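Scroll down for the structure; my scribbles are underneath it.
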Amino acid sequence: MQPCPEPGCGHVNRPSARFCEKCGRTLRQDRWTPLRSGHLLRGGLYRITEPMGKGGMGALYLAADTYAFGRKCVVKELLDYYDPSDPDEAREAQARFETEARLLSELSHPGIPRIYSYFSEAGRHYIVMEYIEGETLERAVTHLDPLGREVAARPLPAEEVVRHAVRICRVLEYLADQPTPVIHHDVKPANLIVDQTSGEVRLVDFGTAQARMQWATQARLNPGGATLFGTEGYAAPEQYQGHSEPRSDVYALAATVYHLLSDDHPGEHPFHFPQMGTLPGSVAAALERALRPEVNRRSAPAEFRQALEAWLIPEDGGQPFVFRSGAVARTTEELVALCDQNWAAARQHLSSGDFDRWFRARNRHDLVDRAKSARLEPDADAALEGFLRRLNPRLEAPRLVVEPESLDFGQVARGRPASRRLTLRNETRGYAHATWSASVPWLRFDPAQVGCRAGEEVSLPVAVDTRGLPFRRELQALVACQPARGARIAVPVTVRLNLAEEVGRRLVAGLRGTGRLAGRGARTGLLLWTRAFRSLVASRYGPMVLLVELVLLVAAMTVLWLSLPQAKFSLDGLVLIVVLAVLAIYLLPALAVVGGAIAWESFRAVLRKVR
């Protein structure tokens, strides 16, 4: 066996251990080296981010699943629990690893992390598990940090400790009911994590649990037959003999509860629990039955749970919750399921505080707070959905269906309204809240956010703002429905613009614009010439200039007239020439000024468009 060289520890570890099972100190420097940050496993599928800890039989790493958008996961490296120099034993260990890892990967329970994958690489065995973000219950007891410094306990209320223990009992019941019972073998505060999302405790550090027993039948701590296996103080007596069963985990859980309630580390005096008398009477009695050395006299997981629940839920608080419809819920899990089936009644129970009173009677003040926070949501249906999600974070998200799968607006003309309808249907459970968006600005929704209860349909009008359509024959876009939980649903949209009508419309609009410009320029030019002519007439020499121009123009026109064949001079002809000369003197400059004004207005309009 290997004693730990760390001063103040001295823990005796089994021969195969690479790290001290108590303090985590490295025991053997040869052959094995830890994985570094950035190391890639399984062809780049998993990238090591940072080490998380180590123990006598394995090392834990935080990793990123590169094929799942960098999803966090935990990679556990299982160190040698066989003699690597013996080829037969190595092959047996490999087969055992695959068998047991496959068994673990088939487990599915909300109280344990999911097993994503298992594989062997370069002679090492790995299991990839779900990453549970939260603190371990080790924070509630006095312990050593990774640098070996003592950290003071942050005790938990007895009610909370017992509630966590009840949940772990259900996990142990599930493991024991498997066709091949699964035994964790290392239940302790450091392997119990409180999920920061749900607030529920999870049992972690599932390696190849059964294979840990191999050394228990080969390595002996002393001639008397005691084998160091599991974590000292938590491991049941039969584990030291290489024999274990589901009630071995019950012993470890009871030792964990004792440690959490008393802050008395059972590893300092294995099999003895001197502070038991300081615990609540019924809790102490339940622990004593679960800590019996004789495994056949020890409580089974269900018996231990029932004994703890008898203290946790007072007799007057153990009444079931009765819905107005007559449905009866005895557990929180049943309450969640029945709320889905009796949605309208459950909504009223939540808003009126009925759930609060039931939880308070069952000493579940944490759930009372969740019910109160859920009621802050103004939408009663959304409040109930959020409350159920708080009770069970793994609750199935409502499945939405959008019909039709695509929208075709056909041919549209600018300035004419065009709309279609989408139907949103909730086909599963609960209440789904969805937000609608479009990939282009010319699609409109009213409203942009909708909610839909199970079995119901909601109709959503989708309108095309034809004034903002680009000048193209066919336009494509996407309408997206994003549920509060679940995958986004995309609906393709097709719009065809009537180009012939649009060209005609633009031509008419252009002519109208040109007409407006010409009219504005003509008015401006006439105004300018009128003012200029008046100023010329009113000036000292203006009339004389005009008179000279008139005489010269009349003379020129008379000469031109007389130069025509068969033209004769007459008084009427002279009068006509004088009238035309007067009009020419006024109108010809006016036409020039008006033309210039029209040209200037056109130039200004072009500048405005360019800018």
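List of remarks:
- Listed by first and then second residue, the pairs with beta-carbon distance under 6 Å, at least 6 apart or on different chains, first residue in the stretch 532-550 and of a type in the set (D, E), second part of a helix (DSSP H, G or I), are E549/I585.
- Residue match in the stretch 168-179 (condition: touching a helix residue (DSSP H, G or I) at 6+ places or on another chain (Cβ under 8 Å), among the β-branched types (V, I, T) and assigned to a loop (DSSP other than H, G, I, E, B)): no
- Cβ-Cβ contacts under 8 Å between residues 6 or more apart (or on different chains), taken from a first residue in the stretch 514-527 that is in the same structural domain as A597 (by TED's automatic domain parsing) to a second residue that is hydroxyl-bearing (S, T, Y), are listed as L517/S602; G521/S602.
- Residue ID - nearest to the chain's Cα centre (by Cα), chosen from residues in the stretch 379-409 that are aliphatic (A, V, I, L, M) and assigned to a strand (DSSP E or B): L400
- Residue check for E474: acidic (D, E), without any contact (Cβ under 8 Å) to a residue 60 or more places away in the chain and farther than 29 Å from L338 by Cα: yes
- Contact map, the stretch 427-453: residues that are of a type in the set (S, T, Y) paired with residues that are surrounded by fewer than 17 Cβ atoms within 10 Å (Cβ to Cβ) and part of a loop (DSSP other than H, G, I, E, B), Cβ distance under 7 Å, separation 6+ or inter-chain. Pairs shown: T428/E396; T428/R399; T435/A448.
- Counted residues, the stretch 442-455 - those being part of a strand (DSSP E or B) and either crowded, with 16+ Cβ neighbours inside 10 Å or more than 21 Å from the chain's Cα centre (by Cα) (or both): 7
- Scanning the stretch 286-339 for residues that are acidic (D, E) and either under 22 Å from A454 (Cβ atoms) or in a helix (DSSP H, G or I) (or both) yields E288, E303, E309, E315, D316, E333, E334.
- Taken together, R414, R420 contain a single residue that is out of contact with any helix residue (DSSP H, G or I) (no Cβ under 7 Å at 6 or more places or on another chain) and assigned by TED's automatic domain parsing to the domain that holds A477, which is R420.
- For the stretch 456-465, the criterion of a residue being over 30 Å from E333 (Cα atoms), buried (at least 19 other Cβ atoms within 10 Å of the Cβ) and within 29 Å of the chain's Cα centre (by Cα) is satisfied by at least one position.
- Flag for L228 being of a type in the set (A, V, I, L, M), modelled with pLDDT under 90, surrounded by fewer than 20 Cβ atoms within 10 Å (Cβ to Cβ) and more than 21 Å from Y61 (Cα to Cα): no
- Among all positions in the stretch 486-497, there is at least one residue which is closer than 30 Å to R389 by Cβ, at pLDDT below 85 and either outside any helix (DSSP H, G or I) or under 52 Å from the mean Cα position of the chain (by Cα) (or both).
- Single residue of the stretch 88-135 satisfying the filter (touching a Pro at 6+ places or on another chain (Cβ under 8 Å) and buried (at least 17 other Cβ atoms within 10 Å of the Cβ)) that is nearest to A165 (Cα to Cα): I132
- Of residues in the stretch 302-339 being within 23 Å of D366 (Cβ to Cβ), modelled with pLDDT of 90 or more and not hydrophobic (A, V, I, L, M, F, W, C), the one surrounded by the fewest Cβ atoms within 10 Å (Cβ to Cβ): Q306
- Total residues in the stretch 51-76 satisfying the condition of being part of a strand (DSSP E or B), crowded, with 18+ Cβ neighbours inside 10 Å and modelled with pLDDT under 85: the figure is 4.
- Considered as a group, the residues in the stretch 131-189 that are small (G, A, S) and more than 17 Å from Y251 (Cβ to Cβ) include one that is farthest from the chain's Cα centre (by Cα), and that residue is G148.
To keep it simple, each residue is scored yes or no on (1) in a loop (DSSP other than H, G, I, E, B); (2) among the polar types (S, T, N, Q).
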{"site": "Q411", "(1), (2)": "no, yes"}
{"site": "R416", "(1), (2)": "yes, no"}
{"site": "R421", "(1), (2)": "no, no"}
{"site": "R425", "(1), (2)": "no, no"}
{"site": "S437", "(1), (2)": "no, yes"}
{"site": "V440", "(1), (2)": "yes, no"}
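- Qualifying positions in the stretch 129-159 - in a strand (DSSP E or B) and within 20 Å of D264 (Cβ to Cβ): T136, H143, L144, E150, V151
- Selection within the stretch 344-353 - under 25 Å from E159 (Cβ atoms) and without any contact (Cβ under 8 Å) to a residue 24 or more places away in the chain: G353
- Tabulated pairs, the stretch 326-343, first farther than 21 Å from I313 by Cα, second surrounded by fewer than 16 Cβ atoms within 10 Å (Cβ to Cβ) and modelled with pLDDT under 85, C-beta under 6 angstrom, 6+ apart or interchain: N342/S325
- Filtered by the rule that a residue be of a type in the set (A, V, I, L, M, F, W, C) and farther than 12 Å from V493 by Cβ, the stretch 413-423 gives a lone residue, A413.
The values are calculated or read from the model by the stated rules, or taken from the named source; none is laboratory data. Given the structure is predicted, the values throughout are model-derived calculations rather than measurements. Positions of Cβ are backbone-derived with ideal geometry, glycine not excepted, and every protein chain shown enters the neighbour counts.
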